[in-house]
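**Student:** I'd like to ask you about the structure that follows.
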Amino acid sequence: MNNFKTGMLLILLTILLVGIGSAFGGQQGALLAFVLAAVMNLGAYWFSDKIVLRMYRAKEVSEAEAPKLYSVVADLAQRARIPMPRVCLIPSPALNAFATGRNPKHAVVAVTQGLFSALNRSELAGVLAHELSHVRHRDILIGSIAATIAGAIAFLARMAQWSALFGGFSRDSGGRGGNIVVVMLVAIVGGIAAMLVQMAISRSREFEADAGAARLLGDPTPLVSALRKLEAGAERVPLEANPATAHMFIVNPLRGGGVMRLFTTHPPIEERIRRLQSMVGLSLS
């Protein structure tokens, strides 16, 4: 269901790109915006592991340095039938984790020192199963595609706003005066809509990674227990995170409620737990 939703949301993003591109930039404008966004996001996709690991001062550890962490990852990677990813520790007391890498062969799993110390082996397996599910589902690629399309829409929206301000849309194709207010409104609403869809894609991938973790372990309970601890830990000791990388973590390091939930990359923890608990007793094989 979440995979279907992701596909529909990506189609919606594409429709937004085509519609706004045709309205403001024509085919050439839309293509230019898409190419520029693709170049930027391709770089982020290709070098995501190096960039984010350096950003959080993550240190790769060997089996000898972190035997428990390494063995849990190795066991889950074998169950998931993916190559053994690199394993890293982040020197932070916060409770969080992420996975990155452009494909399963270049995957990296990183956990904070706080998470590693606070969780028991079962809960740690729940978190790592969630992250390896992201790797299996190639969510870094899906996120990069969504970011590319949304970035192109944002670029077109900015172009439209500047053109409107400086008279670029002052007349329509029939030579009649254009409506600058309508142009600005459509540009702003289109940009916000693209961002909302991108956030919705991210949330759907989190739900799918939760379900994937439950299937990989054969039991959703370890992840439920871990999520409760992680949410409490995020409130108590927040992680100093760059907003551009917030979507990568298992729980949102950025706090906010109310209408801001529409713009968050993660579903509410209570909803994630509710969905996982509904899987208890089901055949997960």
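**Student:** Identify, from the list E240, E208, E235, the residue that is surrounded by fewer than 23 Cβ atoms within 10 Å (Cβ to Cβ) and not in a helix (DSSP H, G or I). If you could, list the steps in order and put the result at the bottom.
**Tutor:** Details: E208 fails: not in a helix (DSSP H, G or I); E235 fails: not in a helix (DSSP H, G or I).
Exactly one of E240, E208, E235 is surrounded by fewer than 23 Cβ atoms within 10 Å (Cβ to Cβ) and not in a helix (DSSP H, G or I), namely E240.
**Student:** Same structure again: Name the one entry in G151, G101 that is farther than 24 Å from E231 by Cα and in contact with a strand residue (DSSP E or B) (Cβ under 8 Å, 6 or more places away or on another chain). Show your work before the answer.
**Tutor:** Details: G151 fails: in contact with a strand residue (DSSP E or B) (Cβ under 8 Å, 6 or more places away or on another chain).
Only one candidate qualifies: G101.
**Student:** In segment 39-140, which helices (runs of 4 or more DSSP H) lie fully inside it and hold 1 or more residues that are among the hydroxyl-bearing types (S, T, Y) and in contact (Cβ under 8 Å) with a residue 40 or more places away in the chain? Steps first, please.
**Tutor:** Working: elements: 48-55, 67-80, 113-118, 121-136.
The helices (runs of 4 or more DSSP H) meeting that bar are 48-55, 121-136.
**Student:** Say we look at segment 80-96 and pick out the residues that are farther than 21 Å from L119 by Cα and not aliphatic (A, V, I, L, M); which of these is surrounded by the most Cβ atoms within 10 Å (Cβ to Cβ)?
**Tutor:** From segment 80-96, those farther than 21 Å from L119 by Cα are 80-84; that's our starting set.
When the remaining residues are screened for being not aliphatic (A, V, I, L, M), the result is 81, 83.
On the way: R81: 8, P83: 13.
Applying the filter and picking the extreme gives P83.
**Student:** Okay, next question. Of A80, A94, A64, A107, which residue is more than 26 Å from I149 (Cα to Cα), of a type outside the set (S, T, N, Q) and touching a Gly at 6+ places or on another chain (Cβ under 6 Å)? Give the steps one after another, and end with the answer.
**Tutor:** Numbers: A80 fails: touching a Gly at 6+ places or on another chain (Cβ under 6 Å); A64 fails: touching a Gly at 6+ places or on another chain (Cβ under 6 Å); A107 fails: more than 26 Å from I149 (Cα to Cα).
After ruling out the rest, the residue left standing is A94.
**Student:** Look through L128, L115, L132 and report the one residue that is farther than 26 Å from F4 by Cβ, at pLDDT 95 or above, surrounded by 23 or more Cβ atoms within 10 Å (Cβ to Cβ) and in contact with a helix residue (DSSP H, G or I) (Cβ under 6 Å, 6 or more places away or on another chain).
**Tutor:** Numbers: L115 fails: in contact with a helix residue (DSSP H, G or I) (Cβ under 6 Å, 6 or more places away or on another chain); L132 fails: farther than 26 Å from F4 by Cβ.
Just a single option satisfies the conditions, and that option is L128.
**Student:** Considering only residues that are assigned to a helix (DSSP H, G or I) and touching a helix residue (DSSP H, G or I) at 6+ places or on another chain (Cβ under 8 Å), look in segment 166-188 and name the one that is modelled with the highest pLDDT. Before the answer, list the steps.
**Tutor:** Step one: of segment 166-188, the residues assigned to a helix (DSSP H, G or I) are 180-188.
Now drop any that are not touching a helix residue (DSSP H, G or I) at 6+ places or on another chain (Cβ under 8 Å), which leaves 180, 183-184, 186-188.
Values: I180: 71, V183: 67, M184: 74, V186: 71, A187: 72, I188: 79.
Within segment 166-188, the match that is modelled with the highest pLDDT is I188.
**Student:** Same structure, new question: So G191 passes all but one of these: (1) surrounded by 15 or more Cβ atoms within 10 Å (Cβ to Cβ); (2) modelled with pLDDT of 85 or more; (3) not acidic (D, E). Which condition number does it fail?
**Tutor:** (2)
**Student:** So is L36 assigned to a helix (DSSP H, G or I) and either modelled with pLDDT of 75 or more or of a type in the set (D, E, K, R) (or both) or not?
**Tutor:** Values: assigned to a helix (DSSP H, G or I): yes; either modelled with pLDDT of 75 or more or of a type in the set (D, E, K, R) (or both): no.
Judged against the criteria, L36 is not a match.
**Student:** Consider H106 against the criteria (1) crowded, with 21+ Cβ neighbours inside 10 Å; (2) modelled with pLDDT under 95: it satisfies all of them except one. Which criterion is unmet?
**Tutor:** So the condition that H106 fails would be (1).
The values are calculated or read from the model by the stated rules, or taken from the named source; none is laboratory data. Owing to the predicted nature of the structure, the values given are computational and were not obtained by experimental measurement. Note that each Cβ is placed from the backbone with ideal geometry, even for glycine, and that neighbours are counted across all protein chains shown.
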